[in-house]
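Participant: Okay, handing you the structure first.
The values are calculated or read from the model by the stated rules, or taken from the named source; none is laboratory data. From a predicted model like this one, the values you see are computed outputs, not experimental measurements. Glycine gets a Cβ as well: all are built from the backbone with ideal geometry, and neighbour counts include every protein chain shown. Each accessible area value is taken on the protein alone, full model and side chains, heavy atoms only, with ligands, DNA and RNA left out. Shrake-Rupley method; radii C 1.70, N 1.55, O 1.52, S 1.80 Å.
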Amino acid sequence: MTSFQYHEALKNAAKSMVRVKNPKRLLKMITRFIDREVGLAHTSILIFDQPNHRYIFIDSKGNRRLPVGLVRLDADNPLISWFNEKGRTFPISRDFVTYQQVVRLLDNDSFLEQHPSIEKKLRSIKDQLEVLRAAVCVPGFYKGELLGILLLGDKLDKSDFSLEELTFFQTLAHDASMTIKSAEFHDDLSKRNRELEEKIGEINRLRKKEQQTYYQIILSLAREVHVRDAYTSGHMEEVEKLGLMTAEEMGLDMTGHKKDILVAALHLHDVGKIGIPDNILKKEGKLTEEEWLIMRDHVFKGARILEPMDDFKEVAKIVMLHHENFDGSGYPYGLKGEEIPIEARIICVVDTFHAMVSTRCYRKGRPFDFAIKELEKCAGNQFDPQVVKAFISAINKRLRPQYDEETGLEITTSEQQAF
Ligand SMILES: [Fe+2]
């Protein structure tokens, strides 16, 4: 090739290297390219096989190509040691080795006299080059690390390699080394990212499982509270259904996480009562001031029980505020209106309603209409009027309960069975 052709060839090769992300494919392209354009007995590439700490042939092209599967060079091979050796003082470039150059030095008695220690090395290299049928060896380095060697057989036209050709091969070897290394970095980074993602996924799965287990435990505590509070079974599910109906009627976003929050808060708002003694929780008469303070504490106890669940910070807040009243007369902080989370305002209405109409072991539930009237009476002071309105509308629209004045709420239609 002429000088111009080498220049063009390099430009094209550089463009290909940018495109080709697979280093093995790139190296095969280089051997094919040199074989086609330069015309050599063979063009071969050795690369470092890191896991086995040796150099292996990745490709060989040409009439006298090498058996790539059979030849391996260990790290202590004279040729490898030659390129890997640092701090040499004798006048041979580390950039390439030619068979001619080695032969010339071995024939140069004065050189050998000046460098007596090198003769043995040169003879080993000469033998190695003969075994590999190599006229030229061009190493590819990255930050001083020998990544591979380009081995070239004799030119088919028997002419010597020009300096321009050797420079061309050096540039190719250098660019290919950079490409290999950046592909390795990329692969390594992708692998680390994948491993990291897998670990994060595993941690998240375990965390989720742990949280689910914890949730189930809290749910059991909440059920226990209802049993102690003398509710019939199904109270939790009924409160959930009423709460969701109300939220939907209000047009609130009840998809995904939002729904989970509301449902969990509906289930768990009174879980803190687990820490309230029976003599206070089940007392039929009026609570003393001291007892009342203990009873009020259930909102904090409930929030504390939920604290270890990272995903339930919002639920804990709702639990803490489910006894706040719309007009600011509630506890624990006396928040009013929209300062109170909407979920807490909903719980306040549906739980009060359900407590009124539920039949307990010590008394029958209050009539349905009575409970509705009570809600309407307290709308604007204890309850958010919008929530009361939506609740009544939803319950009339969706349940239309058949109730009995004597027994309180009794659901008879199929849809109402779950309530
Ligand atoms: Fe409560």
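Participant: Please find, among Glu145, Glu165, Glu224, Glu202, the residue that is within 23 Å of Cys348 (Cβ to Cβ) and surrounded by 10 or more Cβ atoms within 10 Å (Cβ to Cβ).
Facilitator: None of the others qualify; the one that does is Glu224.
This table checks each residue for (1) small (Gly, Ala, Ser); (2) part of a helix (DSSP H, G or I); (3) at pLDDT below 90.
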{"residue": "Lys24", "(1), (2), (3)": "no, yes, yes"}
{"residue": "Phe33", "(1), (2), (3)": "no, yes, yes"}
{"residue": "Arg36", "(1), (2), (3)": "no, yes, yes"}
{"residue": "Ile56", "(1), (2), (3)": "no, no, no"}
{"residue": "Leu70", "(1), (2), (3)": "no, no, yes"}
{"residue": "Trp82", "(1), (2), (3)": "no, yes, yes"}
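Participant: A follow-up question, please. For the stretch 340-375, which residues satisfy the criterion of being open to solvent by 20 Å² or more (accessible area, probe 1.4 Å) and at pLDDT 95 or above?
Facilitator: Across the stretch 340-375, the qualifying residues are Pro341, Ile342, Glu343, Arg345.
Participant: Give the number of residues within the stretch 317-344 that are under 14 Å from Ala264 (Cβ atoms) and more than 14 Å from the ligand (Cβ to nearest atom).
Facilitator: Residues meeting the conditions: 2.
Participant: Report yes if Val136 is β-branched (Val, Ile, Thr) and open to solvent by 70 Å² or more (accessible area, probe 1.4 Å), otherwise no.
Facilitator: no
Participant: Then there is this: Restrict the check to the stretch 323-339 and report whether at least one residue is under 36 Å from the mean Cα position of the chain (by Cα), at pLDDT 95 or above and open to solvent by less than 10 Å² (accessible area, probe 1.4 Å).
Facilitator: First, the residues of the stretch 323-339 that are under 36 Å from the mean Cα position of the chain (by Cα): none.
Scanning the stretch 323-339, I find no residue that is under 36 Å from the mean Cα position of the chain (by Cα), at pLDDT 95 or above and open to solvent by less than 10 Å² (accessible area, probe 1.4 Å), so the answer is no.
Participant: List pairs: first in the stretch 103-131 and touching a residue at least 12 places away in the same chain (Cβ under 8 Å), second open to solvent by less than 80 Å² (accessible area, probe 1.4 Å) and hydroxyl-bearing (Ser, Thr, Tyr), Cβ under 7 Å, 6+ apart or cross-chain?
Facilitator: Leu129/Tyr99
Participant: Which residues, counting only those in the stretch 233-255, are under 25 Å from Ser220 (Cβ atoms) and surrounded by fewer than 17 Cβ atoms within 10 Å (Cβ to Cβ)?
Facilitator: Ser233, Gly234, Glu237 - these are the residues of the stretch 233-255 that are under 25 Å from Ser220 (Cβ atoms) and surrounded by fewer than 17 Cβ atoms within 10 Å (Cβ to Cβ).
This table checks each residue for (1) under 29 Å from Asn204 (Cβ atoms); (2) not charged (D, E, K, R).
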{"residue": "Ala264", "(1), (2)": "yes, yes"}
{"residue": "Asp270", "(1), (2)": "no, no"}
{"residue": "Gly275", "(1), (2)": "no, yes"}
{"residue": "Lys282", "(1), (2)": "no, no"}
{"residue": "Thr288", "(1), (2)": "no, yes"}
{"residue": "Gly302", "(1), (2)": "yes, yes"}
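Participant: Sticking with this structure for a sec: With respect to the numbered conditions (1) modelled with pLDDT of 90 or more; (2) under 27 Å from Lys259 (Cα atoms), which one is the sole condition not fulfilled by Met295?
Facilitator: Result: Met295 fails condition (2) only.
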